[in-house]
Amino acid sequence: MADIHVSRFNGALVSKGFDRSESKHHTMVHLMANGKRTSIRTRLSHGERNVSDWLQSQVARALHVSKRDLLRFIDCELSQDEYVRVMTERGHMRL
């Protein structure tokens, strides 16, 4: 699989309802649902320019989806509502 530029990756997550915050070494993103921060989160290093194939797998794991679904999410083929519904059905979050 091809690397994804980190700005495109972060932008897609933020546009899908993730809240972005900066720490000393990482960019943290937390899923927001119903105006509240959920426990679904991941992070990317400030030094990353591209999200490698390996890192995509790690982020997918942290977000409780397959790598294929993560790529669909980034490419806007999987909406925020669908993602929240799936996370709720799988028991990863409550609304």
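The values are calculated or read from the model by the stated rules, or taken from the named source; none is laboratory data. These numbers were taken from a predicted model, which means no experiment stands behind them. FYI the Cβ positions are ideal-geometry reconstructions off the backbone, even for glycines, and counts take in every protein chain you see. Side chains included, ligands, DNA and RNA excluded: accessible areas come from the protein's heavy atoms. Shrake-Rupley method; radii C 1.70, N 1.55, O 1.52, S 1.80 Å.
Just so you know, in the range 28-41 the residues that are more than 13 Å from residue 87 (Cβ to Cβ) and among the basic types (Lys, Arg) include one that is most open to solvent (accessible area, probe 1.4 Å), and it is 36.
Go through the range 24-38 and count every residue that is touching a residue at least 60 places away in the same chain (Cβ under 8 Å) and in contact with a strand residue (DSSP E or B) (Cβ under 7 Å, 6 or more places away or on another chain). Within the range 24-38, residues that are touching a residue at least 60 places away in the same chain (Cβ under 8 Å) and in contact with a strand residue (DSSP E or B) (Cβ under 7 Å, 6 or more places away or on another chain) number 1. Go through the range 42-56 and count every residue that is under 22 Å from residue 17 (Cβ atoms) and either open to solvent by less than 70 Å² (accessible area, probe 1.4 Å) or modelled with pLDDT of 95 or more (or both). Of the residues in that region, 5 qualify. Within the range 4-27, take every residue that is open to solvent by 90 Å² or more (accessible area, probe 1.4 Å) and in contact with a helix residue (DSSP H, G or I) (Cβ under 9 Å, 6 or more places away or on another chain) and give me the one that is nearest to residue 51 (Cα to Cα). So the residue we want is 8.
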